[in-house]
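See below for the structure under consideration.
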């Protein structure tokens, strides 16, 4: 049960991130989760949105280079040890975490993690076996 993440490549200069968010705001695109990684010449904005098709269309139409990739979204207990339990399950299954980021929201659990892993199927099975709930694209859109 993967979620689609959009990675937007941005030149590392003043205004680049503002311009991307302006384009999304003008089209009423709602970001559910966001992280930014940077290098000296460029940055990568990774976003989870309410409407993947509309977002990729508006990004393309405005000249933003982007890609879409599957990630796992997990609902965690917003309490000490919640993240540890998920990472422990992944480690026991031999699944490596390439990167992850967190966000709060919703009325159910309140804490969510996005995981990019080396083996999505094994990760989903390991998390499910530990009663850690995966979140789908539709649920994220409704937060």
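Would segment 104-115 turn up any residue that is under 14 Å from the mean Cα position of the chain (by Cα) and closer than 20 Å to residue 28 by Cα?
yes
Those residues that are without any contact (Cβ under 8 Å) to a residue 24 or more places away in the chain and crowded, with 17+ Cβ neighbours inside 10 Å, I need them from segment 91-138; list them, please.
Listed by number, the list holds a single entry, 100.
Let's see how each residue does on (1) touching a strand residue (DSSP E or B) at 6+ places or on another chain (Cβ under 9 Å); (2) assigned by TED's automatic domain parsing to the domain that holds residue 30:
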site	(1), (2)
64	yes, yes
79	yes, no
83	yes, no
86	yes, no
92	no, no
103	yes, no
111	yes, no
116	yes, no
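The values are calculated or read from the model by the stated rules, or taken from the named source; none is laboratory data. Fair warning: this is a prediction, and the values are worked out from it, not measured in the lab. Don't worry about glycine lacking a Cβ; one is built from the backbone with ideal geometry, like all the others, and counts go over all protein chains shown.
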